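The values are calculated or read from the model by the stated rules, or taken from the named source; none is laboratory data. From a predicted model like this one, the values you see are computed outputs, not experimental measurements. Heads up, the Cβs are rebuilt from the backbone with ideal geometry, glycines too, and the neighbour counts pull from every protein chain shown. Heads up: the accessible areas ignore ligands, DNA and RNA and are worked out on the full protein's heavy atoms, side chains in. Shrake-Rupley method; radii C 1.70, N 1.55, O 1.52, S 1.80 Å.
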Amino acid sequence: MSEAAVAFNRSIEDAQELLARFDEEKTNASNWNPETLKRAGMVIAMAAWETYIKDRVVEEFEVWLKPIEGSPLGRFVQKKLDEDLKRFFNPNSDRTKQLFISHFEIDITEGWSWDNYSPPQAKKALNTLISKRGDAAHKANTSVNPSINPHLIKRDELEKAIRFLRGLVSASDKVRIVK
């Protein structure tokens, strides 16, 4: 298991904890709106995915860069990677694929196969989650009576997203990058 996957597993626990807190808030009378916990959980879950991808690239790149580390070429290559990762956000399937192709000449999305997911299904599911994350982060329920309007993230959607991302990281981690 990569160090990136270990860090992801710790990070995704924050989303899992927010889901548990949502369940607790729903059963206890409170002045707080527990629905915000689901939105926050989706944002955190997707941030864990983004961090995994960046960490995985850095982790793999360190192996490739070792022979030229500290040299002018090594500094140039490291600077290019740092710039690319600064611009890398909302890692949908296309952006993730392109990042790995451009740096390692490997289509990591070809390895996204597990349980009931094939690579095309996993890509579609990831892209849907990236879109949901954007909605959760940028479209709050600003209704005068928020309990009447349905919320963007349903409990089972967040639970499925967490489970999906765990599977996606596990599948991604099995893709051999360094040759």
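Side notes on the structure shown:
- Selection count, segment 52-80, where residues are hydroxyl-bearing (Ser, Thr, Tyr) and farther than 20 Å from residue 92 by Cβ: 1
- Lone qualifier among 61, 22, 100 - being within 28 Å of residue 154 (Cβ to Cβ), open to solvent by less than 40 Å² (accessible area, probe 1.4 Å) and assigned to a helix (DSSP H, G or I): 22
- Residue 136 being small (Gly, Ala, Ser), buried (at least 17 other Cβ atoms within 10 Å of the Cβ) and at pLDDT 95 or above: no
- Condition check for residue 77: touching a residue at least 24 places away in the same chain (Cβ under 8 Å), in a helix (DSSP H, G or I) and over 16 Å from the mean Cα position of the chain (by Cα): no
- Residues being assigned to a helix (DSSP H, G or I) and within 29 Å of residue 42 (Cα to Cα) - total across segment 80-94: 8
- Filter result for residue 77 (open to solvent by less than 50 Å² (accessible area, probe 1.4 Å), modelled with pLDDT of 95 or more and over 28 Å from residue 139 (Cα atoms)): no
- From 87, 39, residue being within 22 Å of residue 11 (Cα to Cα) and either of a type in the set (A, V, I, L, M) or open to solvent by 60 Å² or more (accessible area, probe 1.4 Å) (or both): 87
- Filter result for residue 93 (surrounded by fewer than 17 Cβ atoms within 10 Å (Cβ to Cβ), modelled with pLDDT of 90 or more, hydroxyl-bearing (Ser, Thr, Tyr) and under 23 Å from the mean Cα position of the chain (by Cα)): no
- Matching residues, segment 64-74, being outside any helix (DSSP H, G or I) and within 12 Å of residue 178 (Cα to Cα): none
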